[in-house]
Amino acid sequence: MAQLKPEQLQKLSELKGKFNELTFIIGQTQIQQRQLQADEQSMFVELDRLVLEEQTFLGEIQKEYGDGDLDTTTGEFIPKEQQ
């Protein structure tokens, strides 16, 4: 039976260590990606909720003030009749 030289055994051990380290990093990256996807999905759900809330609120504003333009910076509402 042949025996590997110490430097060959060392090189093989280093390669296996690097392989294991890289495999671990890939796994960590996959876990992070999955978490980011879940976070992104939650943000899109919240965005959809905010869009709906804004539309509902603007509908209430329109019922109260009628058709027109609203300057959200100043709060000034300009009815369509004045445009």
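The values are calculated or read from the model by the stated rules, or taken from the named source; none is laboratory data. This structure is a prediction, so every number in the text was calculated from the model and none was measured. The accessibility values were calculated without ligands, DNA or RNA, using every heavy atom of the protein model including side chains. Shrake-Rupley method; radii C 1.70, N 1.55, O 1.52, S 1.80 Å.
In square angstrom, what is the accessible area per residue of the chain with a 1.4 angstrom probe?
Ligands and nucleic acids excluded, the result is 97 Å² per residue.
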Using a 1.4 Å probe on the protein heavy atoms, what percent of the accessible area of the chain belongs to carbon and sulfur?
57 percent
Over the chain, what per residue volume does the convex hull of the Cα atoms give, in whole Å³?
143 Å³
Solvent exposure, largest accessible area first (probe 1.4 Å, DNA, RNA and ligands not counted), of THR73, THR29:
THR73, THR29
Can you work out ³J(HN,Hα) from phi for every residue in the range 7-21, in order, using Karplus 6.51 cos²θ - 1.76 cosθ + 1.60 and θ = phi - 60°, giving whole Hz and x for Gly and Pro?
5, 6, 5, 4, 4, 4, 5, 4, 4, 5, x, 5, 4, 5, 5
Choice from ASP39, ASP69, ASP48 with maximal GNM fluctuation in the chain (Cα, 10 Å cutoff):
ASP69
